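Notes follow once the structure below has been shown.
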Amino acid sequence: MTGSLYDHAAALHEQFPDSPLPRDGSPYPDDERYRGAHRSNDYRSEGIDVAAALDAYFASRTMQVEELAETLAGLDVPIHHNEHIAAAALRADSDRVRRTGRRLVRHGHDRRAVVVGLALLATDNDERDIPLIRTIGLLSNYFGPMAARALRRRRHGTEALTWLGDRTAGWGRVYVVEALCKSGIARPWLLRHACDGDTLNGYFAAKVATAAHLHAAMTCEDVDEEVVDHTGRLLSVMTWCSGMGMDLWDYPAAAPVVEAYARHVDRLPRTDVRMRCRVHLAESLQKIPLTGLNTSTVVAALLG
């Protein structure tokens with residue numbers, strides 16, 4: 001039998017403690033089982049058979065968690081929140097739901113069973129499960145959505161989410177950053193670390209600008225270097241992300257933020273990264289002027 005997915009994530013984390021896992025931890029221990037597998041496109045019935053399996057398990061006094069895990073491995077399990085699965089968890093005894101979720105996440109050898117374990121823990125708020133959820137969340141492209149949801153429900157979940165945000169990439173980072181945008185208390189991290197340069201940043205750049213109150217941060221007289229540089233990345237992403245998220249020309253506070261960015265970045269030493277952001281933003285504004293902005297003055301400052 002292959003090792004558990006949790007052990008796989010924990011072992012890789014020891015090798016790469018402060019960065020995203022290479023290839024999101026692939027290959028997973030259960031890859032052979034899923035090679036060439038396809039998911040159903042029938043979203044209307046998604047999760048119903050999983051909920052039925054959970055109902056049967058929680059109604060039984062003899063069925064073991066291992067039997068449930070094997071059943072779940074043969075079903076089409078959604079990786080995002082599902083009302084049918086959540087309802088099944090809420091119908092059952094909360095202590096048993098918690099114990100089952102922990103067992104599936106900690107010892108599950110199959111990704112579908114582990115996702116269901118996270119879904120069960122996402123209906124609870126026990127803080128003791130934070131390290132467990134955080135570790136499996138390192139395999140973020142697959143487990144990120146449910147791990148982020150489960151962490152958001154816990155009192156110190158935001159700290160765990162920012163920790164995870166520093167160690168995720170790709171789609172996994174999208175799930176974590178979007179959860180942090182909803183937290184209400186992650187503003188310092190969002191202002192400095194949300195965008196990592198990946199194309200998928202386009203899905204959340206405007207959400208970060210809004211949730212982090214970027215306008216208020218940038219229009220202060222004293223703005224720290226990290227915030228200025230991250231703002232440059234945010235603005236650059238927002239010049240091309242139309243279709244993924246709100247772009248710069250639809251962002252209500254665009255003009256004052258761009259003007260403030262041009263003013264603040266001009267006082268910082270010139271680096272290749274900063275100049276790329278400045279030139280890209282200036283060229284974008286020349287192609288499509290921004291309402292309410294003195295384009296020629298700002299462009300001159302950015303290129304100066």
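Every read-out reported here was derived from the displayed coordinates using simple, explicitly stated rules and does not represent laboratory data. These figures come from a predicted structure and were not determined experimentally. Backbone-built Cβ (ideal geometry, glycine too); neighbour counts: all protein chains shown.
Take 291-303, 178-190 and order them by the average number of nearby Cβ atoms within 10 Å per residue, most first; the result is 178-190, 291-303.
Using only alpha carbons, build the gyration tensor for region 154-304 and give me the equivalent ellipsoid semi-axes, biggest first, whole Å.
Equivalent ellipsoid semi-axes, largest first: 26, 16, 14 Å.
By the beta-carbon count within 10 Å of each Cβ, the least crowded to most crowded order of 290, 120, fewest first, is 290, 120. Quick one: Cα centre-to-centre distance for region 1-22 and region 147-213, in angstrom? Centre-to-centre distance over Cα atoms comes out at 21 Å. Across region 222-236, computed HN-Hα scalar couplings (Karplus, 6.51 cos²θ - 1.76 cosθ + 1.60, θ = phi - 60°) run 10, 10, 6, 4, 4, 5, 4, 5, 5, 4, x, 5, 4, 5, 5 Hz from first to last residue, x flagging Gly and Pro. The eigenvalues of the Cα gyration tensor, multiplied by 5 and square-rooted, give the chain an equivalent ellipsoid with semi-axes of 43, 18, 17 Å from largest to smallest.
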